[in-house]
């Protein structure tokens, strides 16, 4: 036969691989990218708007120059002499002499198919070989063009004037790079400020994300340090935000886990301790048994069967307590509490020769598990029988308030000392044990488990006013708020 061996890899909790990029780094990078995108978009929008505004300003300045030239042309009179202009050339010269161009402008007088005058005079653009070729196509229709020259981007606009057969033109050259110099300087300043702002925001994002994620980091470190042998560590709770709520939830989970582990360990310790005695008895008698003596074999058999029965009862009770935490422990249905109370008195009469009394029956129906309630109340009744004598009173009753229902068992026995009233509901917890009681101290624990499974409680109190003999064991059950689940008994 061939044997197939399957191998696998396992990782411990401490060896779980972390992502190469931490959450803090991803948050910081995301914030930085969003801020960078916002700054870039803002810069592009501002640059576009300002560039269009500058273009409109340049056009307006050129239009203003041509408007003033048109006024001079309409008058046709030289303001210096008061005489009409003798030629278009004289008109262009007079306009150039009486107007001072802006720093980004150059005024040129054009006639006889070449540059004849310019203002300011020192500019060398008019002497460039490419300049006449750029101006000539514009003269026919007073056009405008943009030229990429060695002097930067230039906008060239023309305005013609004629008198008879003589013609001339005013040429306005605008240095666009000079016009945009302020915008370029502003955008450089904006870029520096934006870069500093990006660095500041990124640093703040890293700091804030580190502060915000600190509880999660502490949570992870605490979770790594927690083991089955030490569940006592808790996270520090500070602030009042979502992470604080998560911290409280995590601490609550640790409380429940610690309680469960402690309870489980206590359960196993108690069960092992209680099982040790009958197992020791079984082993001792088996070791000393003389198998050749029929009488001794028969006596030992009866003794061992009795111990086995005790162990079976103990194991059954332990299994029942273990099941009490499962969601299917209860099988709920509408229960007539008054009818159940009456039935419980009738069933309890078989437990012992006592004066069984019905203290009262609540006329109400509630949602509960009738079998578990019967089990719990009969356990209380059996406990009352063990602590009373023949003819003593044992009473069973029920009542309701607006928020809860109550089931109780009252007896006239010796009662329970106040210092033992919590102990008796713990596993294997016992107070004064009457003679002949072979119980394990699990009966009242089962009652408490049934009450808790219903969302209620169980406690013991005096049966009456001070000095009155006996005890009263009370089990409380919450009443449902749903009218479909609870209604007055008919």
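The values are calculated or read from the model by the stated rules, or taken from the named source; none is laboratory data. These figures come from a predicted structure and were not determined experimentally. In this analysis, Cβ positions are derived from the backbone assuming ideal geometry, glycine residues included, and neighbour counts consider all displayed protein chains.
So in the range 21-41, with the set limited to residues that are at pLDDT 90 or above and buried (at least 17 other Cβ atoms within 10 Å of the Cβ), which one is farthest from the chain's Cα centre (by Cα)?
Among residues in the range 21-41 that are at pLDDT 90 or above and buried (at least 17 other Cβ atoms within 10 Å of the Cβ), the one farthest from the chain's Cα centre (by Cα) is 39.
For the range 107-125, which residues satisfy the criterion of being out of contact with any strand residue (DSSP E or B) (no Cβ under 8 Å at 6 or more places or on another chain) and part of a loop (DSSP other than H, G, I, E, B)? Please lay out each step first, then the result.
Within the range 107-125, the subset out of contact with any strand residue (DSSP E or B) (no Cβ under 8 Å at 6 or more places or on another chain) is 112-114, 121-122, 124.
Within the range 107-125, 112, 113, 121, 122, 124 meet the criteria.
Which of the residues that make up the range 257-279 are closer than 16 Å to residue 315 by Cα and either modelled with pLDDT of 75 or more or within 38 Å of the chain's Cα centre (by Cα) (or both)? So that I can check it myself, show each step before the final result.
Going through the range 257-279, the residues closer than 16 Å to residue 315 by Cα turn out to be 264, 266-279.
Matches in the range 257-279: 264, 266, 267, 268, 279.
Hey, among 222, 202, which residue is surrounded by 12 or more Cβ atoms within 10 Å (Cβ to Cβ), at pLDDT below 80, out of contact with any strand residue (DSSP E or B) (no Cβ under 8 Å at 6 or more places or on another chain) and part of a helix (DSSP H, G or I)? Outline the logic, then answer.
Values: 202 fails: at pLDDT below 80.
None of the others qualify; the one that does is 222.
With 120, 137 as the choices, which residue is touching a residue at least 12 places away in the same chain (Cβ under 8 Å) and outside the structural domain of residue 64 (by TED's automatic domain parsing)?
Working: 137 fails: touching a residue at least 12 places away in the same chain (Cβ under 8 Å).
That would be 120, the only listed residue that is touching a residue at least 12 places away in the same chain (Cβ under 8 Å) and outside the structural domain of residue 64 (by TED's automatic domain parsing).
How many residues, within the range 55-91, are in contact with a helix residue (DSSP H, G or I) (Cβ under 8 Å, 6 or more places away or on another chain), surrounded by 15 or more Cβ atoms within 10 Å (Cβ to Cβ) and touching a residue at least 60 places away in the same chain (Cβ under 8 Å)?
So the answer is 5.
If the requirement is being out of contact with any helix residue (DSSP H, G or I) (no Cβ under 7 Å at 6 or more places or on another chain), modelled with pLDDT under 90 and not in a strand (DSSP E or B), which of these qualifies: 414, 434? Give the derivation first.
Values: 434 fails: out of contact with any helix residue (DSSP H, G or I) (no Cβ under 7 Å at 6 or more places or on another chain).
Of 414, 434, the one residue that is out of contact with any helix residue (DSSP H, G or I) (no Cβ under 7 Å at 6 or more places or on another chain), modelled with pLDDT under 90 and not in a strand (DSSP E or B) is 414.
Might you check whether a residue that is surrounded by fewer than 12 Cβ atoms within 10 Å (Cβ to Cβ), assigned by TED's automatic domain parsing to the domain that holds residue 121, part of a strand (DSSP E or B) and at pLDDT below 90 occurs anywhere in the range 151-160? Show your work before the answer.
First, the residues of the range 151-160 that are surrounded by fewer than 12 Cβ atoms within 10 Å (Cβ to Cβ): none.
Among the residues of the range 151-160, not one is surrounded by fewer than 12 Cβ atoms within 10 Å (Cβ to Cβ), assigned by TED's automatic domain parsing to the domain that holds residue 121, part of a strand (DSSP E or B) and at pLDDT below 90, which makes the answer no.
Select from the range 205-216 the residues that are within 13 Å of residue 243 (Cβ to Cβ) and surrounded by 17 or more Cβ atoms within 10 Å (Cβ to Cβ) and list them in ascending order.
209, 213, 215
Could you check the range 163-179 and list, in sequence order, the residues that are crowded, with 23+ Cβ neighbours inside 10 Å and in a helix (DSSP H, G or I)?
none
Looking only at the range 456-490, filter to residues that are farther than 25 Å from residue 388 by Cα, in a loop (DSSP other than H, G, I, E, B) and at pLDDT 75 or above; which one of those is farthest from the chain's Cα centre (by Cα)?
At the first step, the residues of the range 456-490 found to be farther than 25 Å from residue 388 by Cα are 456, 477-490.
Cutting the leftovers down to in a loop (DSSP other than H, G, I, E, B) gives us 456, 479-490.
So of that shortlist, the ones also at pLDDT 75 or above come out as 456, 479.
Details: 456: 33, 479: 34 Å.
That would be 479.
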